[in-house]
Amino acid sequence: MNKYKVKIGIIGGSGLNDPQNQIFNCQSAIMRNTAKNNFGLPSSDLYQGNINGVDVIMLLRHGPHHTIGPTEVNYRANIEALRLAGCTHVLASTACGSLQESIGRGQLVVPDSFLDRTIKRNTTFYDGTLSRYSGVCHMPMEPAFDPSTSQILYDVGKELGYEIKKGGTIVTIEGPRFSSKAESNALRLLGGHLVNMTLCPEVYLAKEAGLLYAVVAMATDYDCWKDNEDNVHVVDVIKVLKENFNKVQNIFLKAVKVIDERNWDNEIDALQELIRSSNVSSKTS
């Protein structure tokens, strides 16, 4: 018998923000005020349901009707709410600009690293707010995403016949504005494959919280570095999202079932031990 029962949190980004979609089988919701925790209010209600008999909770990163900007998202409250609800995994979607010729509009990517260029966000749970997160935790971020969960997302995407890339670096900028051309080219020189506004600090907060986290990113534009392409505009981004969001949705639907068929005891225990061993305060007290 498995030590941990799989429960999957789904963080819906731009384009994947309808919990009432019948495919997700939303049965009830934990109201946002009820889901409030020591880090504040999550972005939305926690929509509870199941996919193929697997318990899932969907959270809307930008709130209903996309009313919360990327800097104002309470990433800590979101991740803590999913942890308190009993999630073992988090699957997230994110819209991105492509920084590489080889990644076109509508291309799906399962990233394996990130560059954090944000400057205004709470970047750790370990700030003395809760006894659970006491001390100073120097969390290793390689691998940045859970490798096993990421592999499942990639494999499922291939099985569904989608154009999907395994591996890649997402640069997260503060936003809400898009990059200047000089910035876009600088991010390319830094080794970025994609640019977005929401991956950080979500990815490393999930790791601090002990959740197995993986992302499907969708390229919606070429930012503004490519001379023979139109510069990024939100209208065009939304158009590409609407045309392709069902691909991310279908990957999540199938991946949830595959994830539930595995025993995750070793991965979860290993992450919990990594968190413990990375807390320098516990070794010097």
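The values are calculated or read from the model by the stated rules, or taken from the named source; none is laboratory data. Small disclaimer: the values here were computed from a predicted structure and weren't measured. With ideal geometry, Cβ positions are generated from the backbone for all residues, glycine too; neighbour counts draw on all protein chains shown. SASA here: full protein model, heavy atoms, side chains in, ligands and nucleic acids out. Shrake-Rupley method; radii C 1.70, N 1.55, O 1.52, S 1.80 Å.
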Extension length gain for Lys181 and Lys36 (0.36 nm per residue less Cα distance), in nm, is 48.2 nm
Rounded to 0.05, the calculated FRET efficiency for the beta carbons of Glu243 and Leu189 at R₀ = 41 Å is 0.85
For region 76-168, give the magnitude of the charge dipole about the Cα centre (Cβ charges: +1 Lys/Arg, -1 Asp/Glu; no others), in debye to the nearest 20. 320
Give the carbon-plus-sulfur fraction of the accessible surface of the chain in %, rounded to a whole number; probe 1.4 Å, heavy atoms of protein chains only. 49
Need one value: the accessible area of Thr124 in square angstrom, 1.4 angstrom probe, rounded to the nearest 10. 40
Taking +1 at the Cβ of each Lys and Arg and -1 at the Cβ of each Asp and Glu, which of Gly49, Met31, Gly167 sits farthest along the dipole of the chain towards its positive end, judged by Cα position relative to the Cα centre? Met31
How much length is gained if the chain between Lys120 and Asp269 is pulled fully straight, taking 0.36 nm per residue apart and subtracting their Cα-Cα distance, in nm to one decimal? 50.4 nm
Taking a cut-off of 29 Å, what percent of all Cα-Cα pairs in the chain are separated by more than that? 29
Of the candidates Gly97, Gly210, Gly53, which one comes out as most mobile in a Gaussian network treatment of the chain with C-alpha springs shorter than 10 Å? Gly53
Can you tally the net charge around Glu261? Count Lys and Arg as +1, Asp and Glu as -1, for every other residue whose Cβ sits under 15 Å from the Cβ of Glu261. -1
Let me know the charge dipole size of the chain about its Cα centre in debye, to the nearest 20, where only the beta-carbon of Lys, Arg (+1) and Asp, Glu (-1) is charged. 480
Under the definition of Cα pairs under 8 Å and six or more residues apart, what whole-number percent is the relative contact order of the chain? 25
Only bridges whose two residues both fall in the chain count here: according to DSSP, what percent of them are antiparallel, nearest 5? 35
Counting only heavy atoms of the protein chains, get the accessible area per residue of the chain (1.4 Å probe) and round it to a whole Å² value. 44
Using the Kirkwood formula over every pair of different C-alpha atoms, what hydrodynamic radius in Å results for region 144-242? 15.0
Based solely on its DSSP helices, what 222 nm [θ] is calculated for the chain when runs of n ≥ 4 H residues each add -39,500 (n - 2.57) and the sum is averaged over all residues, nearest 500 deg cm²/dmol? -9500 deg cm²/dmol
